[in-house]
Amino acid sequence: MRTDIFARLDREPEPPKIEPPRMSRHRIALFGGTLAFYLAIVVAVLVSSWLVALDWKVMLFRPYQQWPEIHAFLDYYIVLGQRGPTATMVACWLGWRSWRQHTLRPLLTLGAALLLLNVSVGAVKIGLGRLGPHYATQIGSAELFAGGDIFPSGHTANAVVTWGILAYLATTPRARRYLSALSAIVSLGVGLTTVYLGTHWLSDVLLGWAAGLLIMLGLPWVEPLITRAEAWIFAQRENLRGRGPVPSVPVAAGGPRTAALPYAEDEDAVAQEPALEPAVAAAGGPGPCPRSHPAHPSHPSQHLVRSERSPVTPTGSRRPPHADRAPRGGTSPASPVAGG
């Protein structure tokens with residue numbers, strides 16, 4: 001039974017050698033055609049052309065009353081175009097891919113696409129201020145600049161970008177084709193569902209499809225920025241790892257101490273040494289030993305531990321002799337020795 005699946009995934013050596021899509025001539029032509037289609041829809045709504053009349057015809061037809069049996073299903077299907085749930089699901093999948101392949105490109109690409117979506121679609125929504133079908137005030141009017149935020153359709157554009165990013169990041173051409181077809185079907189269904197429920201005009205959905213497709217076609221222009229952002233994040237991670245605490249070297253039990261004694265302890269030991277010199281001289285021992293180090297060293301490395309100091313007294317008793325006391329086992333009183 002295999003129990004090391006996570007260890008095997010963590011040992012995935014290198015991210016796959018995937019060339020990100022480039023702005024080829026074919027892609028540039030598609031981008032230009034989609035941009036022209038986008039501008040044509042905006043102009044057609046601004047001048048209240050036949051497209052606005054078609055919007056009113058579809059709204060007055062009330063599809064939700066013509067086919068009420070699918071209303072319950074489409075209430076759930078529309079969730080595939082809501083930004084919160086769809087972005088969370090796709091981010092979880094791309095996060096797992098980033099961990100397995102040791103790269104942040106999938107998550108950074110998703111973040112860049114959603115940022116472009118919010119900026120571009122949100123700016124047009126607020127700038128044109130179109131009201132939705134349920135809030136329309138005059139039949140045949142385009143309902144522009146009335147404080148609404150319905151044009152273009154955010155559900156439709158979000159479905160194109162969120163599900164299209166899976167096809168954009170596919171690792172094989174076959175997977176890219178299948179995921180492109182799947183994202184097109186999902187986004188098409190989400191757009192028509194908003195028209196069925198009466199929350200968007202038909203022209204809102206057309207402009208939402210174009211807005212989402214423009215973002216997907218223009219993502220290769222953002223790839224250099226994504227690469228630099230990924231390199232910067234990895235560099236910051238390495239810097240944080242290098243600023244960790246310096247590990248201390250453990251000292252074996254019974255081994256020599258490498259740290260110097262504190263100044264206070266060393267000074268006390270030095271202060272006690274001169275008091276023993278007269279007694280040593282009286283006992284006939286050698287003279288006082290000169291100090292081999294200053295009382296206050298100029299550098300901490302000049303401190304010596306107790307085990308490295310030279311002895312300052314000879315071996316034997318440190319008790320001073322008394323003239324009126326005879327030594328044990330002797331008959332004559334002891335006299336101090338004048339010389340060594």
The one condition in (1) touching a residue at least 60 places away in the same chain (Cβ under 8 Å); (2) under 26 Å from G32 (Cβ atoms); (3) not in a helix (DSSP H, G or I) that G140 fails to fulfil: (2)
Cross-chain or 6+ apart pairs with Cβ under 7 Å, the range 217-232 first and within 15 Å of L117 (Cβ to Cβ), then open to solvent by 40 Å² or more (accessible area, probe 1.4 Å) and part of a helix (DSSP H, G or I): L217/R27; L217/L30; L217/F31; G218/F31
Count of the range 109-123 residues which are buried (at least 18 other Cβ atoms within 10 Å of the Cβ) and either more than 30 Å from P20 (Cα to Cα) or of a type in the set (V, I, T) (or both): 2
Residue satisfying all of: in the range 53-69; over 13 Å from G140 (Cβ atoms) and in contact (Cβ under 8 Å) with a residue 40 or more places away in the chain; least open to solvent (accessible area, probe 1.4 Å) among these: P63
Residue within the range 191-206 that is at pLDDT 95 or above, in a helix (DSSP H, G or I) and closer than 21 Å to A29 by Cβ present: yes
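Being β-branched (V, I, T), assigned to a helix (DSSP H, G or I) and modelled with pLDDT of 95 or more: is that true of V79 here? Even if it seems obvious, please write down each step before you answer.
On the way: β-branched (V, I, T): yes; assigned to a helix (DSSP H, G or I): yes; modelled with pLDDT of 95 or more: no.
Criteria not met by V79.
Which residues, taken from the range 124-169, are small (G, A, S) and open to solvent by less than 20 Å² (accessible area, probe 1.4 Å)? Even if it seems obvious, please write down each step before you answer.
Initial filter on the range 124-169 (small (G, A, S)): 127, 129, 132, 136, 140-142, 146-148, 153-154, 157, 159, 164, 167.
If the condition is that a residue be small (G, A, S) and open to solvent by less than 20 Å² (accessible area, probe 1.4 Å), then G129, G132, A142, G148, S153, G154, A157, A159, G164, A167 are the ones that fit.
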Tally of residues being under 15 Å from P85 (Cα atoms) and free of Cβ contacts under 8 Å to residues at least 60 places away in the same chain across the range 143-162: 3
Given (1) over 24 Å from A235 (Cβ atoms); (2) at pLDDT below 90, number of the condition Q66 does not satisfy: (2)
Check on P85, assigned to a loop (DSSP other than H, G, I, E, B), closer than 30 Å to H102 by Cβ and modelled with pLDDT under 95: no
Residue ID - nearest to R130 (Cα to Cα), chosen from residues in the range 36-52 that are among the hydrophobic types (A, V, I, L, M, F, W, C) and open to solvent by less than 50 Å² (accessible area, probe 1.4 Å): V45
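The values are calculated or read from the model by the stated rules, or taken from the named source; none is laboratory data. Fair warning: this is a prediction, and the values are worked out from it, not measured in the lab. As a convention, Cβ positions derive from the backbone with ideal geometry for all residues, glycine included, and neighbour counts pool all protein chains shown. For the accessible areas, the whole protein counts, side chains as well, though only heavy atoms, and no ligand, DNA or RNA atoms are used. Shrake-Rupley method; radii C 1.70, N 1.55, O 1.52, S 1.80 Å.
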